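Readers should treat all values here as calculations from the given coordinates under stated rules, not as data from a laboratory. As the structure is a computational prediction, the values presented were derived from the model and not from experiment. Note: ideal-geometry Cβ built from the backbone for every residue, glycine included; neighbour counts use all protein chains shown.
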Amino acid sequence: MRSSFKTMVPAMVAVAALMAAPAMAEIKIGFLDFGRLMDESPQGKALIESLRSEAAAKQRELQTAAASLQTKRDKLAKDRATMTPDQISRAEKDVRDGERDLARRQSEVNDDFNARRNEEMGKLQRTLIEEVRNYSKSQNFDLVVTDGVIYATPALDITPGVLAGMQSRTGAAAPAKPATR
């Protein structure tokens, strides 16, 4: 019940604004597709590319470790018949330790990636919100709604205008790239 109330708040604000419209001159309302803005903005594209390249480097390291572990498994399977019980025991322990280490490293890489992605997405959201506020003020919007809107006509959608403004400035100033670790 709580989440449905949160999604209805923007719609209720818009209805209240429309009901008060006769008392005011003219109300200018806009709708913003925030997901699209995050995906298509120069800053969003730069962030996604940066995160992908970081993740690819870590994945290559993990793949190398997995290949090394597979080589150890194959060697154990191939040489098992000629090995002493003590050698077999040490080789099996080495493989088990390698599997545990690889699983731990994979978990750490995933945790680090998720934390980094969340941190950078938070920064991007703050940047985009500021862009939307600036655009809305410059275009004299009285109300801009986003999440929780069931339907908005394309005439109310300000997303293309915000994107165009952001993209026009990328020629003058490169989009803020996320900090690298």
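In nm, what is the difference between 0.36 nm times the number of residues separating residue 121 and residue 137 and their Cα-Cα distance? Present the calculation step by step, with values, prior to reporting the outcome.
On the way: separation 16, 0.36 × 16 = 5.76 nm, distance 2.41 nm.
Stretched fully, the residue 121-residue 137 segment lengthens by 3.4 nm.
With Cβ to Cβ distances under 13 Å as the rule, what net charge do the other residues near residue 33 carry (K, R +1; D, E -1)? If you can, show how the numbers build up before the last one.
Details: positive: 36; negative: 39, 40, 147, 157.
Its environment carries a net charge of -3.
Could you order the peptides 74-84, 117-127 from most to least packed, using the average number of other C-beta atoms within 10 Å per residue?
On the way: 74-84: 11.1, 117-127: 14.4.
Ranking the peptides 74-84, 117-127 by packing returns 117-127, 74-84.
Starting from the Cα gyration tensor of the stretch 2-170, take the square roots of the eigenvalues, sort them a ≥ b ≥ c, and report rounded, prolate or oblate (rounded when a/c is under 1.5, otherwise prolate if a/b is larger than b/c, else oblate).
Working: a/c = 5.42, a/b = 3.25, b/c = 1.67.
It comes out prolate by the Cα gyration axes.
Just order 137-147, 27-37 by mean Cβ neighbour count inside 10 Å, highest at the front, would you? Each step should come with its number before you reach the end.
On the way: 137-147: 14.1, 27-37: 17.7.
Answer by packing, highest mean first, reads 27-37, 137-147.
Under 5 Å between amide H atoms, partner at least 5 residues away or on a different chain: which partners does residue 157 have, H built in plane at 1.01 Å?
Excluding prolines and chain starts, which carry no amide H, the hits are 31.
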